[in-house]
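The structure appears right after this line, and notes come after that.
The values are calculated or read from the model by the stated rules, or taken from the named source; none is laboratory data. Remember, it's a predicted structure, so these values are computed and weren't measured experimentally. Cβ: placed from backbone, ideal geometry, glycine included. Neighbour counts: every protein chain shown. Heavy atoms of the whole protein, side chains included, go into the accessibility calculation; ligands, DNA and RNA do not. Shrake-Rupley method; radii C 1.70, N 1.55, O 1.52, S 1.80 Å.
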Amino acid sequence: MERKFIILAAMLMIIPGIVAAGTGTASLDILKVASGIRAQGMGGAYTALSDDTEALDINPAGLALVKSNELSFVHDAYIEGVFFDSLYYAGNLGDAGSMGLVFKYLSAGTI
């Protein structure tokens, strides 16, 4: 009786830790919407190189490295008619610094 209680108590302490450690790591990766094609191509390891319009999502401090005006558009199509569109603008304002604008649209399709 005492041994069964110890095993049950140990299971009740271990199982919630296993479940909590895996929460959100194994499913629904489709909800992780990437920003731009260059960052996607690098597997998300883009923080130190963000010197274009994608800096708006990855590392906004990278806007300081933008040398000219840039405009980019990203269209990501997913399953069931779900799509994600982004329009980015980054501009160099000379001595005044840099600025950026981003517009995003997510359509849930038929889901």
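What the table shows:
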| quantity | calculated |
| --- | --- |
| Leading residue by the ranking (least open to solvent (accessible area, probe 1.4 Å)) among those in segment 72-102 that are part of a strand (DSSP E or B) and more than 22 Å from Gln40 (Cα to Cα) | Gly91 |
| Residue selected from segment 60-71 under the condition in contact with a strand residue (DSSP E or B) (Cβ under 7 Å, 6 or more places away or on another chain) and in a helix (DSSP H, G or I), by the criterion surrounded by the fewest Cβ atoms within 10 Å (Cβ to Cβ) | Ala64 |
| Pairs, first free of Cβ contacts under 8 Å to residues at least 60 places away in the same chain and among the basic types (Lys, Arg) in segment 67-81, second surrounded by 11 or more Cβ atoms within 10 Å (Cβ to Cβ) and part of a loop (DSSP other than H, G, I, E, B), C-beta under 9 Å, six or more apart | Lys67/Asp51 |
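Here's the yes/no breakdown for (1) in contact with a Phe, Trp or Tyr (Cβ under 6 Å, 6 or more places away or on another chain); (2) farther than 18 Å from Ala39 by Cα:
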position	(1), (2)
Asn59	no, no
Leu65	no, no
Ser68	no, yes
Ser72	yes, no
Ala77	yes, no
Gly81	no, yes
Asn92	no, yes
Gly97	no, yes
Ala108	no, yes
